[in-house]
1. Which whole-number value in Å² is the accessible area per residue of the chain, probe 1.4 Å?
2. Per q in 0.07 1/Å, what log10 I(q)/I(0) does a Debye calculation on the alpha-carbon atoms of the chain return?
3. How many times 2.2 N^0.38 Å is the alpha carbon radius of gyration of region 355-408?
4. Viscosity 1.306 mPa s, temperature 10 °C: Stokes-Einstein D of region 555-708 from its Kirkwood Cα radius, in µm² per second?
5. Could you give me the percent of Cα pairs per 5 Å distance bin for region 498-630, shortest bin first, beginning at zero and ending with the bin that holds the maximum distance?
6. Please report, to one decimal in angstroms, the Kirkwood hydrodynamic radius of region 652-746 built from all distinct Cα-Cα pairs.
7. Over its Cα atoms, what ratio of radius of gyration to 2.2 N^0.38 Å does region 581-638 give?
8. Over 21 Å, how big is the tail of the calculated P(r) for region 83-164, in percent of all Cα pairs?
Amino acid sequence: MDLVGRDAERAEIERLLDRARAGSSGALVVRGEAGIGKTVLVEQAALGAASSGFRVETSVGVEAEAQFAFAGLHQLCGPLLGHLGALPDPQQAALGVAFGLRSGPAPDRFLVGLATLNLLAEVAEAAPLLCVVDDAQWLDEASAQVMAFVARRVSAERVALLFARRDSSTATDDPLAGLPELRVAGLGEADARTLLATGVAAPLDDAVRERIAAEARGNPLALLELPRAAPATVRAGGFELPDTLSVPHRIEDGFRRRSATLPSETQLLLLVAAADPTGDPALLWRAASHLGIVPEAAAPAEASDLVEIGTRVRFRHPLVRSAVYQSATAPDRRRVHGALAGATDPRGDPDRRAWHRAQAVLGTDEHAAAELELSADRARLRGGVAAAAAFLQRAAELTPEPAARTRRSLAAAQAKHDAGAIEAASALVAAAAAGPLDDLARACLQLLRAQIAFHLTRDQDVPGMLLDAARMLAPLDPALSRETYLRALDAAILIGSDDVTHIAAAAAAAPPPPTPARPVDLLLDGLATTLTIGYMAGAPRLRRALESFCDGTLTDPGRERESAGWLWLAGRNAVALLDDELLHALASRNVALARESGALATLPAALGLMSITSTLMGELARAGELAAEATAITQATGGVELRHAQVILSGWCGDRAATTALHAGTAEDDAYPEGSTDAAQALYALAVLHNGLGDYAAAREAASRACRSPELALSSAGLPELVEACVRTDHPESAASAMEQLDARARASGAPWALGVASCARALTSTGAAAEEHYLEAIGQLGRSRMGGYLARTHLVYGEWLRREGRRRDAREQLRTAHRLLADMGAEAFAARAARELRATGEHPRARAAQPTHELTAQELNIARLVATGATSREVAAELFLSPRTIEAHLRSIFRKLEITSRRQLRQLPLP
């Protein structure tokens, strides 16, 4: 098809290429209906780019390929694999396993994304690289997610990604959503007339020409194909009834009618080509031979301009493929798939052979189902969870024996759930429930049903559903039963369920742990004891559990991965113990393991916990960097953004607007009901904010509600805020009650952080010499901890007490220290409070000197901090899931803002 018009669209694509030439990567999604000219646009862009020095690589989505994991990505990256050796070993392994080139553990799909990003960047070092992906709507899910990730992370790599994606009214999930897009509309009237005049050889009556132009609505393919589909009498000016089909459907219907006029043997050959997504002519002719089709049968199809058979098999348009396949009879489709299965090498491509064989089955076939199950295993090992689910679902449909069909349906449901296809998982759960189930299958079905419910609704019934599953599993799989008890308890806490104590009591009666007990077993026992018997009894068990997660003796990779899944819960309970060393160790370990394994799906939550830890330590700039990194990765992976780190950070920073907005967003979200952990976290942040601003009544209200949360971490962190707010609003009884709870927890914990905040709370509720003794004890304990934020605030309240005691000189010393610490860390509201108090003593607070590093963005500060440790650009890139070229671009910006010229100078600068 000639490219008529489209000047604006071509200019937009050229701007993308210009940016890539200049070292500013980007992506563009060309969208429009079928036949609107997307393919012609991107093909001509590829030709132009190649002639101007670009290396061009392409991938084309094929509907029948959608069940093969990483098929589209392999098509794009296959020619580039000679550069694989330049990647770090974990990234080489990830791509190798994903493409079936080597064995190994299933890679995280976003580690595959990082490897792809760096592979493209490596290739682009020699020449700018254009990656063209046509028919992106038909990419397999794994490839689509990886390509979308790369498109969101490219920055300075001389790489341009150009996608063409058909609009669809049935599409529910588009990984490319949110990327810059170019919407291709119909041709204008003049361009449409030009295309009709130059592209249609048959004579057209003027009225017919007007009607075709009107009905095509500017669709170029329709302008060319509707005249061919019209009877000669109509082209000459005759009449026929108007067609109500949409333009793409009319085009497809025209292709269908044209193929139906071909000889039957040619139609069957076209069907073979339509059923084979590889476009391999050798495979086509082998399958044709199985069906007794002679090579001469191709001539009528090629003459009709429906297909071209050369070094590749290419249809005139994807609508031809779908028209041919959809119009074929079911017996013919089965014959063709059977021939393709017979023509496919069982050793070279067992999964495609299994898929064709399955499509050839009428009814059920255990052998075909078993082959698909093996294909599912191979897909899962490559990290293709969605592909595994598709294989298993079809295997279940083909299984004749009811018990085996139920087992495969349940496995397919679990795979669909793991792939995020929750509605499909629900349907498969219903199918499995209708079949014969043994006790273990019934328990696993109940567990999966509960997991789906938690994902969809976070309903109050979910913890009970998980508890039922745990009880059913107890005699069958004690280890899984204990993990399910912990899931039930955690779900009840997160939701804010009234059944937390009931579920904790049931968990306390769970089957005994194996010997030696796993960290997850110890964590279950510690939480259950704390929530049933009390904090004093449970704290030692909790401490033992958390220490086991930090224990370096966990050298078995399976145990390591198993424990890693619970590190976020372990970290939360380190806050419950107010143990700064355990919290820092667990949060750091969580981030390190996620980075090492490339688990970008779980890294944002790990970064969020590390951000909160940094906030509590008074390292607010570092907390901001971590929160910003978590947000960037979440946006790149298409995940759900977690707000808890941002809201707690904004509260400590004294940012009223951000804190109240984040709190309001949480309060208005039905997923976070009153009493849930997320709602309580936002209330804790409000309590900190209002204590900083001196609005103690609002702080008392927020802190008292946060402390009612069943989340132990929030009640422990909220109690110091509640004591201070109650003292300032003259509620001595409430202050004393909160202080006693905090003091009891501190004695059970024994950590410097716990002892320090408890001493500060006791000082706030005391008078005279006793108060001063407790303030000094608090400063001493917190000075031995990592918790710089609490230490600075203790200097503040001690200084305020000294001023009210009339000891202005002593007060100045404490307030001066508090102001310096709080201002330097960026706790603006508390720093302003310290400044007011300092002025009341007669001393003007020092102005905070502007630092060059204040000009850096959170990401630049993060990169500067890593480079200052001596890390290379490649090492920093691997740490932050970016390319080395992007790191170098950021470094140039950092050097310019800091007015330095070398890494050595960067190492000498004080970074916040």
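The values are calculated or read from the model by the stated rules, or taken from the named source; none is laboratory data. Note that the structure is a prediction, hence the values are computed from the model and not measured. Quick reminder, even Gly has a Cβ in these numbers, built from the backbone with ideal geometry, and neighbours come from all protein chains shown. Just the protein is used for accessible areas: all its heavy atoms, side chains included, with ligands, DNA and RNA removed. Shrake-Rupley method; radii C 1.70, N 1.55, O 1.52, S 1.80 Å.
1. With the other protein chains kept in place, the chain gives 40 Å² per residue.
2. After summing over all Cα pairs, the log10 values are -0.69.
3. Against the compact-globule rule of thumb, the ratio is 1.04.
4. Diffusion coefficient, whole number: 100 µm²/s.
5. For region 498-630, the pair-distance distribution reads 2, 11, 19, 21, 18, 15, 10, 4, 1, 0.
6. 13.1 Å
7. For region 581-638, the normalised Cα radius of gyration is 1.05.
8. On the way: 928 of 3321 pairs.
Percent of Cα pairs beyond 21 Å in region 83-164: 28.
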